[in-house]
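Asker: Could you have a look at this structure, given as structure tokens, before my questions?
The values are calculated or read from the model by the stated rules, or taken from the named source; none is laboratory data. What you see is a predicted model; the values in this text were computed from it and never measured. Positions of Cβ are backbone-derived with ideal geometry, glycine not excepted, and every protein chain shown enters the neighbour counts. Note: areas computed on protein heavy atoms with side chains; ligands, DNA, RNA excluded. Shrake-Rupley method; radii C 1.70, N 1.55, O 1.52, S 1.80 Å.
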Amino acid sequence: MRGDVPKRVRVGVNGYGTIGKRVADAVAKQPDMELIGVAKTRPNFEAERAIAKGYPLYVTGGGDRSAFERAGLPLAGTIEQLLAEVDVIVDASPDKVGRENAARYRSAGVRAVFQGGEKSDVADASFTAMANYRVGQGKRSLRVVSCNTTGLARAASVIDRAWGVERWDATIVRRGADPAETNKGPINGILPTLQMPSHHGPDVRTVLEGLPITTLAVVVPTTLMHVHVNRVRLRHPPADAAEVIHRLRTSPRFRVFRSWEHVDGTPQVMEFGRDRGLGFNDVMENVLWEAGIGLDGPELHFFQGIHQESVVVPENIDAIRSMFSLAADAAESMRVTDEALGLVPPAARPTSMK
Ligand code: NAD
């Protein structure tokens with residue numbers, strides 16, 4: 001085990017797909033972290049991009065070294081060699097594979113951040129920055145909860161603290177696949193998730209203990225985003241919906257679109273992401289619509305969109321900062337992360353954009 005807490009935490013990323021390549025770029029932008037390398041199982045266009053960006057590339061998951069050599073992609077070594085160089089590894093391998101990798105991280109004496117495709121007991125604790133930032137202190141491993149759970153946990157953190165949640169019912173309209181996934185569906189049809197309630201509610205409680213939330217889910221043929229349909233009974237409701245809109249709009253990692261912005265749904269949110277031009281054209285915030293937030297007595301209704309490919313990226317960064325005590329609190333960690341990623345904090349936005 002390494003003793004001293006380093007000044008710049010040395011980070012490796014094992015699994016360089018949808019999440020891994022985004023987390024690698026995010027780590028490389030942080031002032032208190034250093035990206036030591038990324039690990040891939042086989043050569044492809046993403047491996048070529050890693051080389052082009054100057055990220056040392058390591059072979060992992062039983063991959064064939066010679067395949068990289070034949071493709072002309074120079075390897076810096078094996079996953080074991082990467083683990084010898086880092087303080088923490090972010091595991092972004094496919095669902096359930098992180099659990100197989102966990103023993104290797106433990107024996108190498110490196111801390112680890114896992115993703116939401118793993119069961120919660122893969123790590124010492126589950127994590128969402130706004131919900132339970134401090135849980136990482138002294139931990140050897142954390143699991144950043146899934147995209148849907150992250151979105152729900154962020155919203156619940158703000159709403160429960162402000163007005164108290166008596167009961168939360170959410171229907172999760174899930175994207176069928178990520179844009180590059182050609183082996184998943186449905187391509188037509190709506191699939192109810194026949195596990196009731198869905199796993200998302202219990203998963204939110206891994207970061208917000210006791211939250212009275214129940215979730216149902218349907219899968220639909222889209223690749224862009226998830227959308228949550230929320231009905232929340234509040235203990236101490238605010239006077240009007242404007243107060244809710246203001247609270248969410250002034251919270252980090254929320255984007256509340258106004259009617260004049262003409263963002264009708266997820267296609268325009270993605271177009272907004274392309275226009276804004278953060279890496280991968282991502283939208284890492286919870287996305288809400290001003291006209292899609294309503295208050296009826298104690299009942300709060302709202303829609304929120306979640307860009308599944310990117311919403312957990314800042315949370316991975318905060319998870320590292322939490323484990324290594326690099327920030328005083330969640331607010332400071334999120335501020336550093338978001339500034340580095342180009343997410344403009346609410347207080348710094350022009351009035352018309354707030
Ligand atoms: P992905 O399939 O896009 O990428 C996974 C990468 O890991 C691939 O490059 C694959 O070749 C590589 N890999 C395969 N076996 C490996 C091994 N043994 N060791 C290391 N790498 C290996 O998957 P993803 O979408 O990036 O998902 C990664 C994790 O993030 C999963 O736990 C998933 O549930 C979670 N997650 C995904 C999303 C999403 O919408 N894509 C959102 C939030 C969380």
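Asker: Determine which member of the set Arg175, Arg161 is modelled with pLDDT of 95 or more, more than 13 Å from the ligand (Cβ to nearest atom) and either of a type in the set (Phe, Trp, Tyr) or out of contact with any Cys (no Cβ under 8 Å at 6 or more places or on another chain) (or both). Break it down stepwise before answering.
Answerer: On the way: Arg175 fails: more than 13 Å from the ligand (Cβ to nearest atom).
Among Arg175, Arg161, only Arg161 is modelled with pLDDT of 95 or more, more than 13 Å from the ligand (Cβ to nearest atom) and either of a type in the set (Phe, Trp, Tyr) or out of contact with any Cys (no Cβ under 8 Å at 6 or more places or on another chain) (or both).
Asker: If I ask for residues that are touching a Gly at 6+ places or on another chain (Cβ under 9 Å) and more than 16 Å from the ligand (Cβ to nearest atom), which ones from the range 300-343 would you list?
Answerer: Leu300, His301, Phe302, Phe303, Arg321, Ser322, Met323, Phe324, Ser325, Leu341, Gly342
Asker: Just one of Val144, Val135, Val113 is among the hydrophobic types (A, V, I, L, M, F, W, C) and open to solvent by 20 Å² or more (accessible area, probe 1.4 Å); which is it?
Answerer: On inspection, the qualifying residue turns out to be Val135.
Asker: Further, regarding this structure: So, in the range 230-260, exactly how many residues are of a type in the set (D, E, K, R) and open to solvent by less than 50 Å² (accessible area, probe 1.4 Å)? Give the steps one after another, and end with the answer.
Answerer: Let us first name the residues in the range 230-260 that are of a type in the set (D, E, K, R), namely 231, 233, 235, 240, 243, 247, 249, 253, 255, 258.
Retained after the next criterion (residues that are open to solvent by less than 50 Å² (accessible area, probe 1.4 Å)): 249, 253, 255.
Result for the range 230-260: 3.
Asker: Right, something else. Pick from Glu118, Glu85: which is surrounded by 14 or more Cβ atoms within 10 Å (Cβ to Cβ), out of contact with any Cys (no Cβ under 8 Å at 6 or more places or on another chain) and closer than 22 Å to Gly151 by Cβ? Don't jump to the end; show me each part of the working.
Answerer: Numbers: Glu85 fails: closer than 22 Å to Gly151 by Cβ.
Exactly one of Glu118, Glu85 is surrounded by 14 or more Cβ atoms within 10 Å (Cβ to Cβ), out of contact with any Cys (no Cβ under 8 Å at 6 or more places or on another chain) and closer than 22 Å to Gly151 by Cβ, namely Glu118.
Asker: Suppose we filter Asp64, Asp95, Asp160 for residues that are without any contact (Cβ under 8 Å) to a residue 60 or more places away in the chain, open to solvent by 50 Å² or more (accessible area, probe 1.4 Å) and not assigned by TED's automatic domain parsing to the domain that holds Pro43; which single one remains?
Answerer: Details: Asp64 fails: not assigned by TED's automatic domain parsing to the domain that holds Pro43; Asp95 fails: not assigned by TED's automatic domain parsing to the domain that holds Pro43.
Exactly one of Asp64, Asp95, Asp160 is without any contact (Cβ under 8 Å) to a residue 60 or more places away in the chain, open to solvent by 50 Å² or more (accessible area, probe 1.4 Å) and not assigned by TED's automatic domain parsing to the domain that holds Pro43, namely Asp160.
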